[in-house]
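The values are calculated or read from the model by the stated rules, or taken from the named source; none is laboratory data. Owing to the predicted nature of the structure, the values given are computational and were not obtained by experimental measurement. Don't worry about glycine lacking a Cβ; one is built from the backbone with ideal geometry, like all the others, and counts go over all protein chains shown. Ligands, DNA and RNA are excluded from the accessible area calculation, which covers all protein heavy atoms including side chains. Shrake-Rupley method; radii C 1.70, N 1.55, O 1.52, S 1.80 Å.
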Amino acid sequence: YLSIFQSFNLFFTQAEQRLLVPAYSIEPSGWRKSSFKLLKAANPALAVENFKPLIHDDANTCLRDLENAQVPTTFKFGVLYCSDNQTTEEDMFGNCEGSEAFNRFLELLGDKVTLQGWDKFSAGLDTKTNHTGEHSIYTEWQNYQIMFHVSTLLPHNPNDTQQIEKKRHIGNDIVLIVFQDGNTCSPYNPITVASEFIHIIIVVRLLRASTNEVFYRLGVATKNGVPCFGPVIPYPAVFQHSEGFREYLLSKCINGELCTYSGLSPLAARLKRTREALLTNALETLDAPSKSNKKASKTFKKTKKKYRN
């Protein structure tokens, strides 16, 4: 049975691409017997002469590891509490605890977990000696594991105005959620927290309501080079405290981080070098001698000759 489209992956130094090829462009036998026909269907400009057989006993494992390295399943996001009238990095990192509204927001994000003895994704937090605090916020969503670096849950040093221990974690996150509390908060300045790694800032501002319902206003700022990402911000960007808002926010954070891996962002350039190293290592592994190389080489030459003819 052939579907209308067949999908496969191509690995490049800039990114992995999943392509859809019309099934009618290749004979039914071609999907298994000729990789040339498959690749030519995806890109007719490919030069067949440039291909080389890399059939190896460890090919499946190597390529699976390579693909898994391109598809993250764990994420870490920073959460910074900004109280009323706070405008500087020192003021925000200096908060030892959050308000009732902030704690309620954290409950919406995930569960408060005890770090000591934690055996799931920890996002670099200490799970043995409480060196990075006793608790954190964690959730699992859409098969992703997400740990939040919460400023008020990380260790507070009263003798350190810069709170280096807090910034060491939050400043190395790609996505930062800033929770603005109070009625007189000024618009958040995206350069408040100096960080080379923070590429996306999502500002969640508490809106006071006359009823028991709680609403938030949301805003997003990104570094130059980060492509646009969904879900689209509605107008007005006001959300009620609900499971729907949680779904929206988690999706926004994950899509945002994934977008920084491509495009023209500084992080994308670094990841390109990482992909080059991964591809080089995979090539070296698959190009090494194995039991199936000799037989595969003969088969490859016959297929190549038949295809060119």
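Things to note:
- Span per principal axis, largest first, for the Cα atoms of the range 92-162 (Å): 40, 30, 16
- Per-residue ³J(HN,Hα) for the range 128-139, Karplus 6.51 cos²θ - 1.76 cosθ + 1.60, θ = phi - 60°, Hz, x for Gly and Pro: 10, 10, 6, 5, 10, x, 8, 9, 8, 10, 9, 8
- Taking the empirical scaling 2.2 N^0.38 Å for compact globular proteins as reference, the range 73-216 has a Cα radius of gyration ratio of 1.02.
- Taken over the alpha carbons of the range 149-214 as equal point scatterers, the Debye sum produces base-10 log I(q)/I(0) values at 0.12, 0.20 Å⁻¹ of -0.39, -0.92.
- Exposure of VAL226 as accessible area (Å², to 10), given a probe of 1.4 Å and all protein chains: 20 Å²
- Available extension along the chain between ASN281 and CYS228 is 15.9 nm, counting 0.36 nm per residue and deducting the alpha carbon span.
- Built from the Cα atoms of the range 137-184, the convex hull projects on average onto 4.9 nm², one quarter of its surface area.
- Counting protein heavy atoms only, the range 114-234 has 49 percent of its accessible area on carbon and sulfur, 1.4 angstrom probe.
- Förster radius 35 Å - calculated FRET efficiency between LYS128 and GLU67, Cβ distance, rounded to 0.05: 0.60
- The range 65-113: GluC sites (Glu not before Pro) in DSSP coil with no more than 14 other Cβ atoms inside 10 Å: GLU97
- Exposure rank, largest accessible area first [ARG273, ARG205; 1.4 Å]: ARG273, ARG205
- Antiparallel bridge percentage (DSSP; both residues within the range 156-247; nearest 5): 65 percent
- By accessible area with a 1.4 Å probe, ligands and nucleic acids excluded, highest first: order of VAL71, VAL178: VAL71, VAL178
- Cα-only Debye scattering, the range 158-255: base-10 log of I(q)/I(0) at q = 0.16, 0.18, 0.21, 0.23 Å⁻¹: -0.78, -0.95, -1.19, -1.32
- Stretchable slack from LYS112 to GLU140, in nm (0.36 nm times residue separation minus alpha-carbon distance): 8.8 nm
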